[in-house]
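The values are calculated or read from the model by the stated rules, or taken from the named source; none is laboratory data. Quick caveat, the model's predicted, so the values are computed rather than measured. Every residue, glycine among them, receives a Cβ derived from its backbone with ideal geometry; neighbour counts consider all protein chains shown.
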Amino acid sequence: MAVGGRPPRCDCRLGRADDLRAEVYLSFDGAAIEAVVGPISLSGTISGPECIRGTTLPVTTRFVDLGPGPRPAARAILTEPSYWTPESPSLYRIDARLEVAANEVSYRGLVGLRRSGVRGRSFWLDGRRWVPRGIPCPDAVAELDAILGTGAVAVIEEPSDPICTAADLSGLAIAARVGLQSPYETAVAGLEAWSRHPSVVLAILPAGREDLAAAVRNSKGTMLVGIEANGSTLRRKQAAEDRPGLDFIAVRLPPDAVPDVSWRDSDPGLPLVALRESASGPGALPVQARKDCDRLQADLAAWNCDGRQSPPTWDWAGYLIVEGPIIQGRGQPT
C-alpha cells in the first residue's frame, strides 16, 4: 500500500551500544507520509538472534513509539545483544506496523546490528582492531563461497541487494565500490541501500566524489565511507573540514607498485587503505587474488620501514586488491 504517493521505506539503525545493551531505532520514511493528515503510530518487535554458525536463546523485545516527529520512529532496548561479525553473522527479525490515518503498512525483515568505527588510523569491528584484506568478487551470489574460503573481504563494484543479503547471512564482509560514472542520485541511493546491510562494512568513492560522502553522512549508520586518491603522486594536504562524512582514504596503486614516499610520513588524520590493481589480471582465482593481497601487505611493510632508523608510528588500516586500470577522477583528495 502506498501512503502519500509511494510506499514508505522502513529503516532500522543501531544507536548507543556496548556489550550489555543496545538501542535499536526503527523509522519509516517521512517523505512518504508528510502529506497525510491524521493520527500516526508505529509499533513492532525485534526478535533473535538468528545465526548459521550457532544457536542462542532468542528473545523478543517491543519497540516503543517515540511520539510526533518528521519521521515515525520507535526504539527498542536489547540486553546482551549479539552483534554481526564475519565470525558470527547474527541477525534479528523485525516485525513492524505503521498506522497512518486508518491505513496500515507492515514490514518484516532481517537486520544485523554491527558495531564498527575508526580509532586513530585503524578500523575497529565489535571492539577489536579489524584489518580487512580484500580481493575482487563479481556481483554473483554463486561466487561467495569461494571468497569465504580465503578468509578475505569481497571487493565488489556496486553490489546488488541479493548479493548483500547473501553476505549478511553467510558472514562475508564487503567493500563496496561506487562506479566512476554513477550519477549522483543513483550513487546516493546505492550507498543508503548498502548501509542497511551489516555485511557492507566499507564503501569506497571514486576520487573527487566528496559530495557523495556529505550526502550520506547522516544516513550511513556504521558503514565506513572512504575515497580514492592516487598513491603514485605527491600527497596533497587537505583539512578535515573539507571532507565531511569521510572515514578513510583508499590509496590507489598500479600493479606491483608502492606509494610515493610523501605518503610514508604523512598524517592525513584518517586511516589509509591500500588499493592495488591485481597483478594476476582480470578473473584471477580467489586463491591467487589472496596471494596478491598478501604480497601487497608485505611490500608495504618493507616500504614503510625503508631507510628508517626507528619503526614506523602507524600501519595501514587495510589491504584491498581490485581489478581494472587506474582511472583518474575529478580530484585526488587526501
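Structure notes:
- Within segment 211-229, the set of residues being out of contact with any helix residue (DSSP H, G or I) (no Cβ under 7 Å at 6 or more places or on another chain) and closer than 21 Å to Ser122 by Cα comprises Ala213, Arg217, Gly221, Thr222, Leu224, Gly226, Glu228, Ala229.
- When segment 51-63 is filtered for residues that are assigned to a strand (DSSP E or B) and modelled with pLDDT under 95, only Val59 remains.
- Looking across segment 125-169, the residues that are assigned to a strand (DSSP E or B) and among the aliphatic types (A, V, I, L, M) come down to Leu125, Ile135, Val153, Ala154, Val155, Ile156.
Results for (1) of a type in the set (S, T, N, Q); (2) surrounded by 24 or more Cβ atoms within 10 Å (Cβ to Cβ); (3) assigned to a helix (DSSP H, G or I), shown as yes or no for each residue.
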| position | (1), (2), (3) |
| --- | --- |
| Ala187 | no, no, yes |
| Ala193 | no, no, yes |
| Ala203 | no, yes, no |
| Glu228 | no, yes, no |
| Arg236 | no, no, no |
| Pro244 | no, no, no |
| Ala257 | no, no, no |
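- Filter result for Gly117 (within 23 Å of Ala176 (Cβ to Cβ) and touching a helix residue (DSSP H, G or I) at 6+ places or on another chain (Cβ under 6 Å)): no
- Residue match in segment 120-127 (condition: in contact with a Leu (Cβ under 6 Å, 6 or more places away or on another chain), buried (at least 17 other Cβ atoms within 10 Å of the Cβ) and either closer than 30 Å to Cys293 by Cα or not acidic (Asp, Glu) (or both)): no
- Restricting segment 151-175 to residues that are surrounded by fewer than 18 Cβ atoms within 10 Å (Cβ to Cβ) and over 20 Å from Leu91 (Cβ atoms), the residue that is modelled with the lowest pLDDT is Gly151.
- Where Pro68 falls short, out of the listed (1) loosely packed, with under 15 Cβ neighbours inside 10 Å; (2) over 26 Å from the mean Cα position of the chain (by Cα); (3) part of a strand (DSSP E or B): (3)
- Any hit, segment 176-188, residues being aliphatic (A, V, I, L, M), modelled with pLDDT of 95 or more and under 19 Å from Pro132 (Cβ atoms): yes
- Gly5 being surrounded by fewer than 15 Cβ atoms within 10 Å (Cβ to Cβ), over 18 Å from Ser195 (Cβ atoms), out of contact with any helix residue (DSSP H, G or I) (no Cβ under 9 Å at 6 or more places or on another chain) and at pLDDT below 90: no
- Cβ-Cβ under 9 Å pairs, at least 6 apart or on other chains, segment 194-211 side closer than 15 Å to Ser182 by Cβ, far side polar (S, T, N, Q) and assigned to a strand (DSSP E or B): Ala207/Asn230
- Looking across segment 96-111 at every residue that is in contact with a Gly (Cβ under 7 Å, 6 or more places away or on another chain) and modelled with pLDDT of 85 or more, the one that is surrounded by the most Cβ atoms within 10 Å (Cβ to Cβ) is identified as Ala96.
- Lone unmet requirement of (1) crowded, with 17+ Cβ neighbours inside 10 Å; (2) assigned to a strand (DSSP E or B) for Arg114: (2)
- Within segment 80-111, being of a type in the set (D, E, K, R) and either part of a strand (DSSP E or B) or in contact with a His (Cβ under 6 Å, 6 or more places away or on another chain) (or both) holds for Arg93, Asp95, Arg97, Glu99, Glu104, Arg108.
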